[in-house]
Amino acid sequence: MLIYDPEVVEGALLFGRFAYPPNRLGYCGPAESRSVYAYVAERRVDEGFFRLARDFQAAYFYLSLIAYSNGYRNPFHPKVVEAYWIGNELLDRVTPRKFYDALTEKFKKRMPDRAFAWLVGKLEHGAHPHHNFHVFDVYTRTGALKSARPDIALEHMDKCRISWGTVEAVFGGQVAVRRQPLVLRGDRLQLGDPEVVLVDLAEGDVSGVPLEVKPGDTVAVHWDWAAHVLTPMQLRRLKAETELTVRLANEALALA
């Protein structure tokens, strides 16, 4: 059995906790969501996990780009995984040229020329290869949201983006979290007034809890799932990446 570097294990499990929520809903990744969950719940990693993880094609594309741009050999290094889902200084080192070339190779053939020009035009305004960029700018043009009703698109964007919230209470496999929803006011996307919502922490029919939380913790939320307890620095960076993504989205709306 291969013994993995503890850093790789840490990064892989962090990736799994963020990747599992949409996978269980059938939106992305392999058709083996119970296996993905078992790995993160049991906090173990082997080659089977990495086989499953590489099937999250969009996420793996961004991890590979971030890793390559920063000299990391393994795209599941925790700093690389953190950069994509939460944000850190590695994003600043992905040059617009490298980002452009990667987007061209991955997505250009899947988008009309005008839509692709709109997408890459955001690079000169500071867009980063962060998950929220993918949600607001790629998923809306290449995925299920490209023809969805505005209300459905907004709801999916809100659930799919990585948001944050304060844990108010823990109820077994669920937590009550106070978070700001994404709202559309007039023709501008904004974060709305905080509201308390229930998000999942564990599956009831599979043993193990992937993440331990307590009231007062700030957690990252993905598709109604508490994926990670954020440090103050991580929270600041996630807020900054979200503000950047929303600003770029609003600029695009204003030009539409």
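The values are calculated or read from the model by the stated rules, or taken from the named source; none is laboratory data. Small disclaimer: the values here were computed from a predicted structure and weren't measured. All Cβ positions, even for glycine, are placed from backbone atoms using ideal geometry, and neighbour counts span all protein chains on display. For the accessible areas, the whole protein counts, side chains as well, though only heavy atoms, and no ligand, DNA or RNA atoms are used. Shrake-Rupley method; radii C 1.70, N 1.55, O 1.52, S 1.80 Å.
Annotations for the structure displayed:
- Tabulated pairs, segment 101-120, first of a type in the set (S, T, N, Q), second open to solvent by less than 30 Å² (accessible area, probe 1.4 Å), C-beta under 9 angstrom, 6+ apart or interchain: THR104/PHE116; THR104/VAL120
- In segment 237-255, the residue that is modelled with the highest pLDDT out of those that are closer than 15 Å to GLY186 by Cα and open to solvent by less than 50 Å² (accessible area, probe 1.4 Å) is VAL246.
- Filtered residue count, segment 182-222, keeping only those that are part of a strand (DSSP E or B) and either in contact with a Leu (Cβ under 8 Å, 6 or more places away or on another chain) or among the aliphatic types (A, V, I, L, M) (or both): 15
- Residue check, LEU13 under 15 Å from the mean Cα position of the chain (by Cα), of a type in the set (A, V, I, L, M) and under 23 Å from ASP158 (Cα atoms): no
- Apart from one condition, ASP205 fits all of (1) farther than 26 Å from GLU124 by Cβ; (2) at pLDDT 95 or above; (3) open to solvent by 20 Å² or more (accessible area, probe 1.4 Å); the exception is (2).
Let's see how each residue does on (1) crowded, with 16+ Cβ neighbours inside 10 Å; (2) among the aromatic types (Phe, Trp, Tyr); (3) in contact with a Ser or Thr (Cβ under 6 Å, 6 or more places away or on another chain):
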site	(1), (2), (3)
GLU195	no, no, no
ALA220	yes, no, no
ALA227	yes, no, no
LEU230	yes, no, yes
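- Pairs are defined by a Cβ separation below 6 Å, a sequence spacing of at least 6 or placement on different chains, a first member in segment 150-179 that is under 20 Å from ASP137 (Cα atoms), and a second member that is of a type in the set (Lys, Arg); the pairs so defined are SER163/ARG179.
- Qualifying residue in segment 144-155 (condition: modelled with pLDDT of 90 or more, open to solvent by 70 Å² or more (accessible area, probe 1.4 Å), touching a Leu at 6+ places or on another chain (Cβ under 9 Å) and within 18 Å of LEU189 (Cβ to Cβ)): yes
- Of all the numbered requirements in (1) under 19 Å from the mean Cα position of the chain (by Cα); (2) open to solvent by 30 Å² or more (accessible area, probe 1.4 Å); (3) basic (Lys, Arg), ARG179 misses one, and that requirement is (2).
- Residue ID - farthest from PRO210 (Cα to Cα), chosen from residues in segment 59-73 that are part of a helix (DSSP H, G or I) and either open to solvent by 60 Å² or more (accessible area, probe 1.4 Å) or modelled with pLDDT under 95 (or both): TYR68
- Residues in segment 90-118 that are out of contact with any helix residue (DSSP H, G or I) (no Cβ under 8 Å at 6 or more places or on another chain) and either at pLDDT 95 or above or of a type outside the set (Lys, Arg) (or both): ASP92, ARG97, ASP101, GLU105, PRO112, ASP113, ALA117.
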